[in-house]
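Please treat every number below as a calculation from the coordinates, not as lab data. Worth saying up front: this structure is predicted, and the values here are computed from it rather than measured. Cβ atoms come from the backbone with ideal geometry, glycine included; neighbour counts cover every protein chain shown.
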Amino acid sequence: MTVSRDNSKAVYQGIKSAGIRFITALPETWLVYLLQLAEDDPEMRLVEVAKEEEAVGIAAGAYLAGTPNALLMQNHGFLGSINGIVSLAMLYRIPLVMLIAHRGHWGEPYPWHTQGGIVTEPVLRALGLPFEYARDPLRVGGQIREAQTLAWSSLSPVALLLSRDLMED
Amino acid sequence: MKRAECIRALYPELGDRLVVTIMGATAQELYDLGHRETFFYLQHAMGLASSIGLGIALNRPQDSVIVLDGDGSVLMNLGTLATLARYRPPNLTQVIFDNGSLLSTGGFASHTTAGITDLAAIARGAGCPRVLEAGTVYAFMEAVAQAFDGEVMTTIVAKVEAVGPDHFGMDLKLPENTFRFQRHIASTARLAAP
């Protein structure tokens with residue numbers, strides 16, 4: 001299993017065509033090519049954080065400044081950011097577009113990812129956050145644009161779960 | 001030195017700078033001097049005020065951004081100092097009011113009490129490019145003047161007494177703060193457009 005270069009490109013093109021020019025991220029294996037594309041793109045500002053909850057704060061600041069932006073993180077980073085999502089983004093009605101590598105689910109060979117993978121969807125449901133799975137490279141661009149549109153109209157964090165089908169070859 | 005004295009001295013110098021504060025006493029002391037559309041009070045999510053400031057500063061290079069932080073909040077998100085150091089927008093100033101206490105939540109001693117943990121040293125070690133320390137209001141305002149030259153991101157650690165206001169409350173709903181703060185920034189963006 002290797003990370004899909006082509007599908008990473010499709011995700012990145014979706015981010016660009018959604019008008020997003022600012023990304024806050026913590027590197028993770030499935031996001032390697034995506035983050036390389038962001039790093040090499042002079043039109044994109046990429047901010048890498050020490051821990052994902054910081055990214056929620058930085059993304060909120062970018063939103064307050066009027067900049068469409070996205071967060072890229074692993075689902076464990078999402079789980080580690082819950083208080084920032086709840087007590088900053090949801091409390092203050094600040095939209096977040098969260099692109100989350102959904103590790104530890106169907107087909108996961110690594111035991112350490114599995115508990116986080118299993119609880120990610122239930123946690124999103126408990127928070128009442130809209131989410132969708134991205135599985136198809138032909139659809140993911142549209143899903144990112146729709147995520148951005150819904151986040152900014154509902155003033156809510158939204159999550160797009162980047163699945164194994166999409167991120168691995 | 002009291003934090004309220006520092007904020008009172010700072011207030012006339014704020015002009016149209018964008019201000020992000022942490023929760024509780026710090027937010028209240030600024031609010032009590034008179035709310036402005038340029039103030040955003042983070043009443044929860046401890047540790048993220050500096051992250052919000054970074055996100056604003058990177059996206060509004062034409063604006064000066066100042067974060068009024070505290071030792072308890074910074075200790076909850078020490079990684080932020082390294083992230084700030086890496087991206088170091090020159091238009092960002094972080095003031096850490098270090099009262100050695102989790103004052104707004106019962107006054108328990110924080111790790112900085114009695115000089116055990118040195119936040120200025122941590123900021124320097126994280127790579128923050130200009131770290132200034134102040135123990136008097138005069139030294140604080142000198143540090144602020146340096147920070148406001150806008151040449152390099154500045155961290156100011158101000159040692160203050162563990163005292164706060166005798167009341168809490170704002171006539172400002174939290175989402176209302178978001179909407180008004182963002183609208184203010186958007187309106188100045190429009191004015192700045194050719």
Query raised in the report: What is the set of long-range amide H partners of A:Leu96 at a cut-off below 5 Å, with H atoms built 1.01 Å from backbone N?
Result: A:Ser156, A:Val158
Requested in this report: Quickly estimate the mean residue ellipticity at 222 nm for the protein assembly as shown, helices only: each DSSP H run with n ≥ 4 gives -39500 (n - 2.57), and the total goes over all residues, rounded to 500.
Outcome: -13000 deg cm²/dmol
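If we count other beta carbons within 10 Å of each Cβ, what is the order of B:Asp118, B:Asp69, B:Asp166, fewest first?
On the way: B:Asp118 14, B:Asp69 28, B:Asp166 6.
Going from least to most buried by this count: B:Asp166, B:Asp118, B:Asp69.
By its C-alpha gyration tensor, with a ≥ b ≥ c as the square roots of the eigenvalues, how is the range B:1-75 shaped: rounded for a/c under 1.5, else prolate for a/b larger than b/c, else oblate?
Details: a/c = 1.75, a/b = 1.09, b/c = 1.60.
Taking the square roots of the gyration eigenvalues as a ≥ b ≥ c, the range B:1-75 is oblate.
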Requested in this report: Report ³J(HN,Hα) in whole Hz for each residue of the range A:157-169, in order, from the Karplus equation J = 6.51 cos²θ - 1.76 cosθ + 1.60 where θ = phi - 60°; Gly and Pro get x.
Outcome: x, 10, 10, 10, 8, 7, 8, 4, 3, 7, 8, 10, 8
Requested in this report: For B:Glu133, enumerate residues with amide H under 5 Å from its amide H, sequence gap 5+ or separate chain, H modeled in the peptide plane.
Outcome: B:Val157
**Report entry** q = 0.19, 0.26, 0.27, 0.33 Å⁻¹, the range B:58-99: log10 I(q)/I(0) [Debye, one scatterer per Cα]
**Finding:** -0.60, -0.97, -1.01, -1.16
Query raised in the report: Using all Cα-Cα distances in the protein assembly as shown, what percent lands in each 20 angstrom bin from 0 up to the longest?
Result: 31, 55, 14, 0
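Local charge sum around A:Ala60 (other residues, Cβ-Cβ under 14 Å, Lys/Arg +1, Asp/Glu -1)? Intermediate values should be presented prior to the final figure.
Numbers: positive: A:Arg93, B:Arg60; negative: A:Glu52, A:Glu53, A:Glu54.
Here the count lands on -1.
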Report summary line: Applied in sequence order to the range B:149-155, the curve 6.51 cos²θ - 1.76 cosθ + 1.60 (Karplus, θ = phi - 60°) yields integer Hz couplings, x standing for Gly and Pro, of 5, x, 7, 8, 4, 10, 10
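Could you tell me which of rounded, prolate or oblate describes the range B:77-194, using a ≥ b ≥ c as the square roots of the eigenvalues of the alpha-carbon gyration tensor, with rounded for a/c under 1.5 and, failing that, prolate when a/b is larger than b/c and oblate otherwise? Don't skip to the answer; put the middle values down first.
On the way: a/c = 1.92, a/b = 1.22, b/c = 1.58.
Oblate.
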**Report entry** Dipole magnitude (debye, nearest 20) for the protein assembly as shown, charges at Cβ of Lys, Arg, Asp, Glu
**Finding:** 540 debye
**Report entry** Neighbourhood charge, 12 Å Cβ-Cβ cut-off, centred on B:Arg60 and excluding it, Lys, Arg +1 and Asp, Glu -1
**Finding:** -1
Requested in this report: Could you go through the range B:167-177 in sequence order and give the Karplus-derived ³J(HN,Hα) for each residue, using 6.51 cos²θ - 1.76 cosθ + 1.60 with θ = phi - 60°, rounded to whole Hz, and x for Gly and Pro?
Outcome: 8, 9, x, 9, 8, 7, 6, 4, x, 4, 4
**Report entry** Anchor B:Lys2: lysines whose Cα lies under 25 Å away (excluding residues fewer than 8 positions away in-chain)
**Finding:** B:Lys159
Report task. Quick one: check the C-alpha center-to-center distance for the range B:71-105 versus the range A:1-65, whole angstrom. Result -> 25 Å
Report summary line: Taking only the alpha carbons of the range A:30-169, the radius of gyration and the largest Cα-Cα distance, Dmax, both in angstrom, are 14.3, 42
